[in-house]
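In what follows, a structure is listed as structure tokens, so that the remarks can point back to it.
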Amino acid sequence: MSLASHLNQAWLRKGPTACLLWPLSLVMAPLVALRRTAYHRGWLASERLPVPVLVVGNRVVGGAGKTPTTIAVLQHLRQQGWRPGVLSRGYKASKGPQGADGAGAHVLIDATSGPTLDASLTGDEPLLIWRRTGAPVMVGRDRAAGGHALLRAHPEIDLLVCDDGLQHLRLQRDIELVVFDERGAGNGWLLPAGPLREPIDAPPPPQLNAAPIVLYNAARPSTALPGHLARRQTAPLCSLADWWAGRAGSAAEKAPAEPIPAGPIPADKPVLALAGIAQPQRFFDALRQQGWQVEGLPLADHADFGTLPWPAGTPHLIVTEKDAVKLHPERVARERPGTQVWVAALDFQPEASFWAALDAALASLKTPRSH
């Protein structure tokens, strides 16, 4: 078991490893509190952008469904008449070109640049968000500078969605969406004894437009915070080539009880599934619930695919969208000519009360620009 896997398991309870690290979390607590206080009182500078900012993030380390939530929110915003753009750090991205404002490296993903960009330059999640939604994305560590650069490139944008920026307090925000999965707050301790980046009840920034909206990507609430539920649903399988061509379907297009169509994959034989995400078992379990006999191949989160990790001669392979964005069909055809790769999107469908709370928060910002 890797160190990351061991810690993820240790953070679920107050066991020996967590207790051993607990004294360090006592040092973490005042540092987190001092940093938040410094931003709240203006001792550290924060910046407000010319358009409203909506932040999607979580209070715990590891994937809790932020990117699927961001995708669902972007699709909803467009349906409501907004023209959103996205800010992302681009985790594990290579250093891109110097930003126009000289503040650091920024990479723009849009209809012009997106088709030619590689995930190694942008990070896998930003490129996935653009491919799924078409919303312009600016990748860079300094999200405030990235926001200005994105607005210069796309002045039609009237709302910015920050993917995974809850602790990036230098960027002022109007709405916060706090995402949890079934782990909740784990053992309830701060890093490194627990998974929390900040206290579960951390006070919101003073400029926040409304109380943070909590979304549980789980079957039931996993903390004491009031919030809304989202249902995970796997979309029908799509060939890798069709996915790259934008011909993939979504989970919303099939009934909840409808199984994934078998297509050319024998339903009575095991099929290899690959997942380079924070919780790979979650993907494998979702496929098994659809009736597949899955043999799981878990990889590290954000795996770079410098070498294709599945055995030559594998007839069929099912991957996540986060992995598909790093697997160009031409490369797969060249290096694994005998493998048919299928993509299974794992979408989150929030309940109606979540959309009502989000729309109420949006209504107090401004009237969305009509098309």
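FYI, it's all coordinate maths here, none of it is from the lab. Small disclaimer: the values here were computed from a predicted structure and weren't measured. Using ideal geometry, Cβ is built from the backbone for each residue, glycine included, and neighbour counts are taken over all protein chains shown.
GNM remark for the chain: springs join alpha carbons under 10 Å apart, and the peak mean-square fluctuation among Thr314, Thr133, Thr116 falls on Thr116. FRET efficiency for the pair Ser364 and Tyr91, taken as 1/(1 + (r/R0)^6) with r the Cβ-Cβ distance and R0 = 35 Å, rounds to 0.65.
When you filter the GluC sites (Glu not before Pro) in region 130-218 for DSSP loop state and at most 15 other Cβ atoms inside 10 Å of their Cβ, you are left with Glu156, Glu182. Counting beta carbons within 10 Å around each of Trp189, Trp22 and listing the fewest first gives the order Trp22, Trp189.
Restricting attention to the chain, the count of lysine pairs at 8 or more positions apart or across chains with alpha carbons under 30 Å apart stands at 16.
With all projection directions averaged, the alpha carbon convex hull of region 236-344 covers 6.5 nm².
The shape of the chain can be summarised by an equivalent ellipsoid whose semi-axes, obtained from the alpha carbon gyration tensor, come to 32, 26, 21 Å from longest to shortest. Per-residue ellipticity at 222 nm computed for the chain from its helices equals -8500 deg cm²/dmol, with DSSP H segments shorter than 4 residues left out and the rest contributing -39,500 (n - 2.57).
Computed from label points 7 Å out along Cα-Cβ, the spacing between Leu26 and Ala241 is 6.3 nm.
Gain on full extension, evaluated as 0.36 nm per residue between Trp355 and Gln293 minus their Cα-Cα distance, stands at 18.8 nm. Legend: calculated FRET efficiency, Ala38 to Ser5, from the Cβ-Cβ distance at R0 = 45 Å, rounded to 0.05, equals 0.85.
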